[in-house]
Every structure is written in C-alpha cells, then in structure tokens.
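The values are calculated or read from the model by the stated rules, or taken from the named source; none is laboratory data. The shown structure was predicted, so the numbers you read here are calculated from the model rather than taken from an experiment. A quick note on method: Cβ atoms are made from the backbone with ideal geometry, for glycine too, and the neighbour counts reach across all protein chains shown. Note: accessible area is taken over every heavy atom of the protein model, side chains too, but ligands, DNA and RNA are not part of it. Shrake-Rupley method; radii C 1.70, N 1.55, O 1.52, S 1.80 Å.
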Amino acid sequence: MPWGPIAFADDDTQGRRSVANAFGDTPIPATPQRVATLYQGATDSAVALGITPVGVVDSWLERPMYRYLRDALAGVEHVGLETQPNLEKVAWLDPDLIVATRFRHERVRPLLEKIAPTVATGSVFDFKATLALLAEATGREARAREWLRDWDERVADFRRRIADTLGDDWPQKAAVVRFKSDHVRIYSTGFAGSILDELGFEQPESVHDQGWGMKLTSEENIPVMNADVIFVLLEPDDPAIAQNYRHWTAHPLWQRLDAVQHARVFEVDAVNWIMGGGILAANAMLDDLYRHYGLDTPRGPATPAPDTPSGVAPSAACAADTAAMSPRDEEPAAC
C-alpha cells in the first residue's frame, strides 16, 4: 500500500487514536460503532469482519446490493453511488467512521471529514489493504489476520496443485476479458489481475504496460486477446451484452485464439472477479479457479464469529482501432 503500514499513536486524553492511511494520519474514536463504507471492497470487508455498516453505497451489478452480501446487509441504508455518494444521507446516518478510497473520494474528502473521521485506501482493488485498514480502525486485527493467513494457505495450495496438474504447461498466460454492449475490455491489473498474478499466472504480452488494460472496439483486434486461458466476464441479464458476445465469438479470428482451440475459455462471475473487491469476493474467485481447473477445493477458514450479521462463509458465493488507456489510468467506472 503506497502510504505504508497502518500505525497508531497512543490514545489521547479524549479516547481517540490516530490511523495512518491514504488521507494521512486520521484521529478516530477508540472503538468506532457506526461505520459507513463508500466502496465495494470496504463493504465486503466489513461483512467479513463481522461489522454491520450503518450505510453502504449501491453495488455496480445486482442492484441494490450483490446477492452474496444481501443477507448480511438486510435493512442497511444505502447512500448512493460509489462515484457520487449522497453526502447529506451519509451525514444523516451520523457515522463515527467513514471508510473511503482516495481514488474515488479525494474530491469530496473535506466534506467527508466534516461529517466524521474518514480513513481511505489508495485503490479500490487492494483487498488486503482494505481489510487491514478496516480491521485496525475497528479493533478486529485478529480476525483480519485469520482471513489473510487462510488466504495465503489457499494461494500456496492452489499454486502447488495447478503446477502438479499442468506440469510443463504451467504457468499459463491468462486474459481477463469483459464483454460490453458495444466493445470488449481486456484487463491487466485491478482486482482479478492482482489475484491471478499472486496465483502464478502470467499476462499476455499485449497488455504489458497498458495501465488497467485496453478497450477493443473492432473485431480486427481479437488477436490482442490471445492467451493460454481466457476468463470471460459476463452480465447474463443484459441481452445487448449477450448479443455482442455471440457476435465476437462467431468471428473467425476468435476461433484462432489459443485458448479457444484448446477449450480453455471459462465464463466467470463478474461480481466475484472484479466487482466485489474484498476478501469474500477474492475467495469466491479462487473457488471459481479451483472448479474450472478440476482441483479439489481445500476447506476455507471458519465461518465468521456469531456477531457476523450474515454468517457468510469465506467461500461464499475489474494497436490500430484499439483504444488503450494511459498506463497510469484506472478504468473510470466500476473497474
């Protein structure tokens, strides 16, 4: 995380302590009770840590909230969009801690800080930084360490099993592709990209140094997606996206892709792979990979303690005619 490890000063005489985060050193209550989360990864992490937020932002898909979080967040107030939270509603909820992200909320930081102490991560995609920050701010460090220890064990297990299974065919170059109604996106970084990198996958040469990735607007660019394996992010409830997917995959250039010829094109859940943004979604993405590669899924960590509102288990359920973003840009919408 670019702002360094989370650290605390001694509690002051008013029972407050200071948390180092992407907004600087923020004095917060010793034990915050009313937490508002302003991005998806923070909401996911709150549920994993057994926190019921007083307010959350709307999800990108499956609105108003992702299905895997609905039981945990039943009755919780919504405060608008991640990119444009309703600050009046946030203030009305009277939080004593706001969890934001510099990437989304730097512009409204002064207003947020007038409402309540606000801590932030630098990115919306770093689920480990989000989990650590929220845990430190709410005194749930032990639970966060358990989640991260289990994650490291699962990563090591997956790396060993896939190397044993694929042999000389490992590591594989993996393309994460998202079909939209009028174009296709191929991702190189972000939530899914960082997890695939940690698991030992490699990136196709075409997306190196391309920031978040590329936006493809012409079928002539299909060869850019060439990889050993392609993970296709779909939104099955959108007929226009489904039609565009059928259109591109019927093209002769698609049939020439290595992943297509070797039957290694997997349709995956966009919520798990790029939208959820937290430790629960990360484990669900890893579950997908175990399943698609036919590997036995090791048991995840124990179900969160009884104060977890949902009882959500860890394995519950982002060339010519190619519009490429600057290497320093992040995709401006959901991922």
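Summary table
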{"quantity": "Rounded percent of accessible protein surface that carbon and sulfur make up, the stretch 186-234, 1.4 Å probe", "calculated": "42 percent"}
{"quantity": "Neighbour cut-off at most 10 other Cβ (10 Å), DSSP loop, trypsin sites (Lys or Arg not before Pro), the stretch 65-117", "calculated": "Arg107"}
{"quantity": "Anisotropy class of the stretch 107-262 from Cα gyration tensor, a/c 1.5 cut", "calculated": "oblate"}
{"quantity": "Lysines with Cα under 19 Å of Lys180, excluding same-chain neighbours fewer than 8 positions away", "calculated": "Lys215"}
{"quantity": "Rg to Rh, two decimals, where the stretch 155-194 supplies the alpha carbon set and Rh follows Kirkwood", "calculated": "1.13"}
{"quantity": "Proximal charge balance of Ala144 [Cβ under 14 Å; K/R count +1, D/E count -1]", "calculated": "-2"}
{"quantity": "Most to least packed among 156-167, 129-140, 270-281 [average Cβ atoms within 10 Å]", "calculated": "270-281, 129-140, 156-167"}
{"quantity": "Order of exposure, largest accessible area first, which applies to Glu82, Glu205, Glu113, Glu198 with probe 1.4 Å", "calculated": "Glu205, Glu113, Glu198, Glu82"}
{"quantity": "Percent of alpha-carbon pairs separated by more than 17 Å within the stretch 13-56", "calculated": "43 percent"}
{"quantity": "Net charge over other residues, Cβ less than 11 angstrom from the Cβ of Pro171 (K, R count +1; D, E count -1)", "calculated": "-3"}
{"quantity": "Whole-Hz ³J(HN,Hα) from phi, Karplus 6.51 cos²θ - 1.76 cosθ + 1.60, for the stretch 247-260, glycine and proline x", "calculated": "5, 5, 6, 7, 6, x, 5, 4, 5, 8, 5, 4, 4, 5"}
{"quantity": "Highest average packing first - 176-186, 249-259, 21-31, 43-53, Cβ atoms within 10 Å", "calculated": "43-53, 176-186, 21-31, 249-259"}
{"quantity": "The stretch 128-232: relative contact order in percent, alpha carbon pairs under 8 Å with at least 6 residues between", "calculated": "28 percent"}
